[in-house]
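To keep things clear, I will list the structure first and then write my remarks on it.
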């Protein structure tokens with residue numbers, strides 16, 4: 001039988017006691033009924049509005065149908081709902097929920113922007129505008145947490161890391177990276193966390209050419225974040241965690257110059273450090289042989305490379321790993337720090353916690369497809385990264401507002417599935433629009449709690 005894409009009705013004769021007919025004929029329906037939370041969270045943060053104000057609009061005003069704010073919101077909400085590509089615009093153009101979120105009448109308002117319009121939007125942003133958008137994203141995130149914590153925090157920690165976005169054909173500055181073994185871009189991502197909170201909040205997302213060293217752009221991010229964080233949290237201590245790719249002289253010099261910043265930066269092995277770790281590795285081998293398990297011994301040394309102006313404290317972790325069926329393996333690690341705590345504390349209680357941002361990066365990839373950087377122009381792909389970052393900030397906001405519910409630690413994909421993807425029917429009443437959701441919806445409690453915390457009273 002030939003495929004009939006126009007079919008909207010199907011008959012399942014043996015599914016239940018009676019034949020079941022499925023009709024796709026609900027013209028006022030949407031599969032994203034719960035996404036009203038996104039719009040509320042966005043307006044609560046002022047995020048899309050702040051981003052849109054950064055964009056120059058050279059269009060003839062009389063011919064403008066879709067304002068910059070509408071285009072930003074359309075793309076950010078679509079990404080959050082699982083539609084990361086501009087080509088998804090045709091599928092969502094008349095969706096009543098997405099029209100409502102953008103600010104249009106969901107039932108008789110103008111359709112959303114088409115794919116060609118969104119393509120022109122993505123390709124229209126210049127370097128200065130994208131820089132301002134990055135600044136606006138950081139400002140909104142920091143201000144949100146300043147308000148949430150009333151400017152009080154004992155410790156504010158900054159984590160930077162990079163990830164890879166595979167290239168798709170001929171793209172500007174998509175270059176081969178030997179470490180990842182592919183043509184790609186290398187986004188630099190920045191996160192902040194407060195005291196002992198589990199989550200790390202995205203505050204910076206910068207697209208970089210595929211052959212960029214880890215440190216590229218990191219000084220710029222740190223130099224812009226620290227003054228804002230000092231102003232927002234005047235009594236806090238500030239800490240920075242970086243992996244070995246950031247262990248460059250200029251990074252250490254910058255951090256030392258701050259005076260109020262503690263840091264722990266991993267450093268690659270070299271012959272001098274390995275020699276100094278020798279006796280500690282010997283002890284770790286003896287302990288591991290005796291216990292039959294992985295063992296490690298902590299120590300420290302003062303060390304300086306030829307490019308350093310002075311010696312710095314280096315934590316030594318002399319580790320021997322054991323796994324069933326494998327020979328024991330030496331695994332010495334080194335961390336440069338200006339912190340005064342014990343070597344074990346610096347490594348285990350502080351530095352190792354940076355591994356948590358790997359989960360945040362996985363969310364960005366698997367939950368929101370930050371690697372959907374498939375435009376031919378580099379700056380257009382940077383805009384996509386910023387919009388994806390904005391979508392992630394909104395999803396993190398929903399997770400934050402779901403505190404003390406079953407969704408308090410949920411991944412982005414789970415949040416989307418349980419909070420946003422709800423079948424809905426929209427009805428226009430005399431003075432309001434009514435969104436009808438299933439009475440049997442299983443996550444009503446966390447959904448309602450989030451709505452209340454966003455300022456929507458129960459009626």
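A few comments on the model shown:
- Considering the conditions (1) farther than 26 Å from residue 143 by Cβ; (2) in contact (Cβ under 8 Å) with a residue 24 or more places away in the chain, residue 430 is excluded by exactly one of them, (2).
- Failed item in (1) within 19 Å of residue 340 (Cα to Cα); (2) surrounded by fewer than 19 Cβ atoms within 10 Å (Cβ to Cβ); (3) touching a helix residue (DSSP H, G or I) at 6+ places or on another chain (Cβ under 6 Å), with residue 297 passing the rest: (2)
- Hey, residue 262 within 24 Å of residue 159 (Cα to Cα), out of contact with any strand residue (DSSP E or B) (no Cβ under 9 Å at 6 or more places or on another chain), surrounded by 18 or more Cβ atoms within 10 Å (Cβ to Cβ) and modelled with pLDDT of 95 or more or not: no
- Hey, residue 66 assigned to a loop (DSSP other than H, G, I, E, B), touching a helix residue (DSSP H, G or I) at 6+ places or on another chain (Cβ under 9 Å) and either more than 21 Å from residue 135 (Cβ to Cβ) or in contact (Cβ under 8 Å) with a residue 40 or more places away in the chain (or both) or not: yes
- Summed over the stretch 78-106, residues that are farther than 27 Å from residue 379 by Cα, buried (at least 20 other Cβ atoms within 10 Å of the Cβ) and either without any contact (Cβ under 8 Å) to a residue 60 or more places away in the chain or over 26 Å from the mean Cα position of the chain (by Cα) (or both) total 4.
- Residue match in the stretch 400-407 (condition: buried (at least 16 other Cβ atoms within 10 Å of the Cβ) and over 30 Å from residue 149 (Cβ atoms)): no
- Qualifying residues in the stretch 350-379 (those that are outside any helix (DSSP H, G or I) and closer than 19 Å to residue 420 by Cβ) - the one farthest from the chain's Cα centre (by Cα): 372
- Being at pLDDT 95 or above and touching a strand residue (DSSP E or B) at 6+ places or on another chain (Cβ under 6 Å) holds for only one residue in 39, 33, 29, 46, and it is 33.
- Only residues that are part of a strand (DSSP E or B) and more than 22 Å from residue 44 (Cβ to Cβ) were counted in the stretch 435-456, giving 1.
- Residue match in the stretch 125-135 (condition: surrounded by 21 or more Cβ atoms within 10 Å (Cβ to Cβ), free of Cβ contacts under 8 Å to residues at least 60 places away in the same chain and in a helix (DSSP H, G or I)): no
- Pair list, Cβ under 8 Å, 6 or more apart: the stretch 328-350 residue closer than 11 Å to residue 264 by Cα, other residue assigned to a loop (DSSP other than H, G, I, E, B): 334/268; 334/269; 334/277; 336/247; 346/339; 350/339; 350/341
- Taken together, the residues in the stretch 376-397 that are buried (at least 17 other Cβ atoms within 10 Å of the Cβ) and more than 18 Å from residue 362 (Cα to Cα) amount to 6.
- Residues located in the stretch 14-57, provided they are assigned to a loop (DSSP other than H, G, I, E, B) and without any contact (Cβ under 8 Å) to a residue 40 or more places away in the chain: 14, 15, 16, 17, 18, 19, 24, 25, 27, 57
- Candidates 346, 335, filtered to the one that is crowded, with 20+ Cβ neighbours inside 10 Å and touching a helix residue (DSSP H, G or I) at 6+ places or on another chain (Cβ under 7 Å): 335
- Taken over the stretch 239-274, the criterion of being assigned to a helix (DSSP H, G or I) and more than 14 Å from residue 222 (Cα to Cα) is satisfied by 244, 245, 249, 271, 272, 273, 274.
- Filter result (modelled with pLDDT of 95 or more, closer than 24 Å to residue 391 by Cα and part of a loop (DSSP other than H, G, I, E, B)) within the stretch 182-209: 186, 187, 200, 207, 208, 209
- Checking residue 109 against (1) within 19 Å of residue 387 (Cα to Cα); (2) touching a helix residue (DSSP H, G or I) at 6+ places or on another chain (Cβ under 6 Å); (3) surrounded by fewer than 15 Cβ atoms within 10 Å (Cβ to Cβ), the condition it does not meet: (1)
- Taking the stretch 144-163 as the range and being part of a helix (DSSP H, G or I) and touching a helix residue (DSSP H, G or I) at 6+ places or on another chain (Cβ under 7 Å) as the test, the residues that pass are 144, 146.
- Selection from the stretch 226-238 of residues that are crowded, with 18+ Cβ neighbours inside 10 Å and in contact with a strand residue (DSSP E or B) (Cβ under 6 Å, 6 or more places away or on another chain): 229, 233, 236, 238
The values are calculated or read from the model by the stated rules, or taken from the named source; none is laboratory data. What you are looking at is a predicted structure, and each value in this text was computed from that prediction instead of being measured. No Cβ is skipped: glycine too gets one built from the backbone with ideal geometry, and neighbour counts run over all protein chains shown.
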